[in-house]
Amino acid sequence: MIAKWIGKRVIMGTIVLIVVSFLSFFILHAAPGDPAAAYYGGNLQTLTTAEKERIAQAFGLDKPVLAQYAIWLREAITGNLGYSAKEGRAVSTILLEKLPNTLQLVGITLMILAIISTWFGLLAGMKEGSLLDRGLSIFSIASSAVPSFWLGILLMMIFSVQLGWFPSSGMSDVRGGGGIADRLHHIFLPVAVLVLSHVGIFARFLQDCVKSESKSYYVQVARANGVAEQEIRKNILRNAFIPYVNYVGVTIPSFFGGSIVVESLFGWSGLGQLLVKSVMVKDFPLLMGGVLIIGVVVVVSLFIIDVLMVVINPKLRRGVLRC
Amino acid sequence: MLSIDGLSVSLNGRQLINNVTFTVPKGRITSIIGESGSGKSMTVSAILGLLPVHAQTSGAISLNDKNLVEMSPKDKVELRKMHFFTVFQDAANSFSPSTKMKHQLFIFTGHKQGHSKMEFYQKMRVILQDLDLTDDIMERYPFELSGGMLQRCMLACALYTEPTLLIADEPTSALDMLIQKDFIDLLKKLNDEKGTTILLITHDLDIAASVAHAVVVMKKGEVVETGQVSDVFDKPQHPYTKLLLENHF
Amino acid sequence: MKSRKMLFFWLIILAIIFVSTAFSSFLAPYEPNSMDMNSIYAAPSGDHLLGTDQLGRDVLSRLLVGGKVTLLIAVVSVVISTIIGFIFGGISGYFGGVLDIVMMRLLEAFLTIPSLVIVLAFQAIMRGSVWNMAVIMGLTGWFVTARIVRSEFMRLKDSEFVHMAVMFRTPMWKILFGHLLRNSFPAIFVVTLFNFAGAIFTEVSLSFLGIGVPPATPSWGTMLYSAQTDLLVGAWWIGLFPGLIIFFTILCLQFIGEALKKQGGERSHA
């Protein structure tokens, strides 16, 4: 059972990565100019004609497109994603530098988001018809209509320009020394933007789950038999959490999309900012690598969510682990 | 023991129950029979104090001379907790899907009475054996058990709490024919051996005839006939009861 | 009843936004690109209702004309994505079987890639004009539509009506298309509305980052792109009004979508 479960996920993950790698390869191939230049970027000028030919042969640039893809894929799997056209450094090195920054941003956001949205969602779902209940519904629609960068600018104007509480850009201060406190000080506003633009929708989803769960048959049966409200509530929450976690999983890709905007706005040196910069300066190897690594990160995070689903949903747990 | 006197319930201007009067004597099985929409289940809701907030109620429901209609919500909860136990129709959905049976059985029984988990396990184990349920259902989730098993789990809770009144609201309608009979036999045994007072709501005349001592026939929110089973089934007085019996046999 | 009134209200607001941008060339008080060096960074006043920007261009006029660009991109991309979604979802739902399984796995894969990343990647190679942008967004925005169309197809294929019609030897595809258009319209329309809102978001986000519509073309996104520096000199109106108009447009679409969803839900329960 567990082998089948893992197998299914591995296949799905592989399909995603093949699609993403196709997309990445397509970018490089459709990119204007000499493909050798696209691979070796800034180093091209220093290459002799003979070396260029060697590269062309190594990457099979004289072969059909599919064969080129196979060669590129083989290289990519071994970690060779080419060299940045502008910086001349290996793409994989640059990506590994930026990846932790994006993971920090998205990770902290998800954690805070989970806490706040759970809190509000449960509270609002439990008190149907209350001010909080109706307020949350309106807030969630309104907040999903605000572009995140606009919200970012607004927060920046208030908290950086006017009040001077938080830095408007960058990841560390010269005087801050780059410690963890300094990092948190800088991550506050980007995280706040991502949290604010998602918290309404998340909380509302949980609220709806709690509401529909509260109306279910077993709740009525328990109530009719005088089971303690506190115990009934525990069961409602446990069951409402299953679709909620699933929903969080479905929206994870959009966080990496959202981080593109937020990272650029706040000068957070992660994968999102890297992507935007590489589009601007047409650094194709870097762009390809960036798209690919985001694909990998999404596949991994979805796998984590899948594992979490198995842990919290006994039906899946029994099916997969038989325990 | 439980007596209902002139009970009327209306909701949004619609009369759901009209002037219902009957008694449930101690130690006996009384059955309310009627088709769907006859007000059977609404009567149960009224007894349990679970009518919608804006429902208008008149008349009296008294349990051992205490009027339930005028009780505070808190007392009603206490009543459901300590004096009644109700088994509903859809056993498969009567338990929370993602919690192990041992926790659910506990909150339906020992938890209400302030027992420790240890006390609960010891007592429940014996009861489950009586009902032909093995120990390992404690470690199972509801979706791993059949409807019949879950309905017996409900009954196990009733055996544990020993309620003043056991209400069974269409307890067998969702079960297979074979299991239906088993369950009815269990109800009978419960009444015979422990003297539990039972109010059985059903649309199935066979079931009423086989276990009940007395029947209450309801139609469109009103009681049309009451009496001992033998009297009502042999010499029905009301035309509706006659019709029911004619269509049945 | 109350929700119907609300629906009407938001429809009117949306209509006003659409009509005023569509007729922007008549309504705009100034030429959107004409610079007036005598009134740079003019605050909102009688002359310039919403003020002027760093080149003395009238914000209101640019907002109206820019809306035309933003909404046009959204409309074109949604038309393209709906057509593709219909074809993909239709084929998958109609033929079913192995083909359906393969297509659905592929679709799931597409859905796990952040949509903004896909658009961004395409922008790198095809960037240049408003039309390119619309086409790119259309080509990458059909996934959800395809899924809905497919599930509606699946649902209808099993319905009694279709079984009846098949007995009378009406070709299956004819029945399905005719019926799909009549019965599944609400569900697909709601998705299209949300897609439309998403397209506006994508355009303004990318343009704001400087990698969407060419910065010289006025759109709601490019206006916000150039407003970044203006905010620091205190010209808040240049950034505020485009943001507000985006907010209200999306809000209209959200509320209309919600209202339709609720009504559809009520109908299917009845």
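Would you mind computing, in nm to one decimal, how far apart the modelled labels at A:ALA70 and B:ASP231 are, each placed 7 Å from Cα along Cα→Cβ?
So the label points at A:ALA70 and B:ASP231 sit 9.3 nm apart.
Is chain A best put as rounded, prolate or oblate by its Cα gyration tensor, with a ≥ b ≥ c the root eigenvalues, rounded for a/c under 1.5, and otherwise prolate when a/b is larger than b/c, oblate when not?
On the way: a/c = 3.04, a/b = 1.61, b/c = 1.89.
In terms of gyration-tensor shape, oblate.
Build a GNM of chain A with springs between Cα atoms under 10 Å: which of A:GLY107, A:GLY179, A:GLY272 gets the top mean-square fluctuation?
It is A:GLY179.
Can you give the FRET efficiency for C:MET6 and B:ASN19, using 1/(1 + (r/R0)^6), R0 = 56 Å, r = Cβ-Cβ distance, to the nearest 0.05? Intermediate values should be presented prior to the final figure.
Numbers: r = 44 Å, r/R0 = 0.79.
It comes to 0.80.
If a/c stays under 1.5 just call it rounded; otherwise compare a/b with b/c (prolate if a/b is bigger, oblate if not). Do that for the range B:63-182, with a ≥ b ≥ c from the square roots of the Cα gyration tensor eigenvalues. Don't jump to the answer; show the numbers that get you there.
Numbers: a/c = 1.92, a/b = 1.34, b/c = 1.43.
Note, shape of the range B:63-182 comes out oblate.
Given +1 on the Cβ of Lys and Arg, -1 on the Cβ of Asp and Glu, and no further charges, what dipole in debye does chain A carry about its Cα centre, rounded to the nearest 20?
Details: 27 positive and 18 negative charges, 222 e Å.
Dipole of chain A, to the nearest 20 debye: 1060 debye.
Roughly how far apart, in whole Å, are the Cα centres of the range B:185-246 and the range A:127-148?
Cα centres, the range B:185-246 to the range A:127-148: 52 Å.
How high is the FRET efficiency between A:ILE138 and B:ASN247 when r is their beta carbon distance and R₀ equals 45 Å, given to the nearest 0.05? Working shown, then result.
Details: r = 55 Å, r/R0 = 1.21.
E(calc), rounded to 0.05, equals 0.25.
Kindly report, to the nearest 10 Å², the accessible surface of A:GLU263 as traced by a 1.4 Å probe over protein heavy atoms only.
Roll a 1.4 Å probe over it and A:GLU263 shows about 0 Å².
Which aspartates and glutamates have a Cα less than 16 Å from the Cα of C:LYS157, not counting those fewer than 8 places away in the same chain?
Filter leaves C:ASP100.
Run the count for chain A, please: Lys pairs, Cα-Cα under 27 angstrom, 8 or more apart or on different chains.
Lysine pair count for chain A: 21.
Based on the Kirkwood radius over alpha-carbon pairs, what value in µm²/s does the Stokes-Einstein equation return for the translational diffusion coefficient of chain B at 4 °C and 1.567 mPa s?
Answer, rounded: 69 µm²/s.
Accessible area of C:TRP236, 1.4 Å probe, to the nearest 10 Å²?
Approximately 130 Å² of C:TRP236 is accessible to the 1.4 Å probe.
Could you tell me the calculated FRET efficiency between C:LYS262 and A:VAL250, based on Cβ-Cβ distance and R0 = 35 angstrom, to the nearest 0.05? Before the final figure, lay out each step's value.
Details: r = 22 Å, r/R0 = 0.62.
E(calc), rounded to 0.05, equals 0.95.
Only helical DSSP H runs with n ≥ 4 go in: add -39500 (n - 2.57) per run for the protein assembly as shown, normalise by residue count and round the 222 nm mean residue ellipticity to 500 deg cm²/dmol.
Working: 35 runs with 551 residues, N = 842.
Here the helix-only value at 222 nm equals -21500 deg cm²/dmol.
Structure shown: which of C:LYS5/C:LYS262; B:LYS40/B:LYS188; B:LYS81/B:LYS181; B:LYS74/B:LYS112 lie over 18 Å apart, alpha-carbon to alpha-carbon?
Working: C:LYS5/C:LYS262 13 Å; B:LYS40/B:LYS188 21 Å; B:LYS81/B:LYS181 28 Å; B:LYS74/B:LYS112 15 Å.
Over 18 Å Cα-Cα: B:LYS40/B:LYS188; B:LYS81/B:LYS181.
Given points 7 Å out from each Cα along the Cα-Cβ axis, report the C:MET126 to C:GLU108 separation in nanometres with one decimal.
2.8 nm
Over the range B:49-104, give the accessible area per residue in Å² for a 1.4 Å probe, as an integer. Let's see the in-between values first.
Working: 2830 Å² over 56 residues.
It amounts to 51 Å² per residue over the range B:49-104.
Between B:ASP135 and B:SER58, how many nm apart are label points set 7 Å from Cα along the C-beta direction?
In this crude label model, B:ASP135 to B:SER58 measures out at 5.9 nm.
Using only protein heavy atoms and a 1.4 Å probe, how much accessible area in total is buried between A and B, to the nearest 100 Å²?
Working: alone 17610 and 12290 Å², together 27890 Å².
Interface between A and B: roughly 2000 Å².
Using only the Cα atoms, work out Rg/Rh for the protein assembly as shown, with Rh taken as the Kirkwood radius, to two decimals. Please report the intermediate quantities before stating the final value.
Values: Rg = 33.9 Å, Rh = 31.8 Å.
Result for the protein assembly as shown is an Rg/Rh of 1.07.
The values are calculated or read from the model by the stated rules, or taken from the named source; none is laboratory data. No experiment lies behind these values; they were computed from the predicted model shown. We place every Cβ from the backbone using ideal geometry, glycine too, and count neighbours over all the protein chains shown. To get the accessible areas, we keep the full protein, side chains included, count just its heavy atoms, and leave off ligands, DNA and RNA. Shrake-Rupley method; radii C 1.70, N 1.55, O 1.52, S 1.80 Å.
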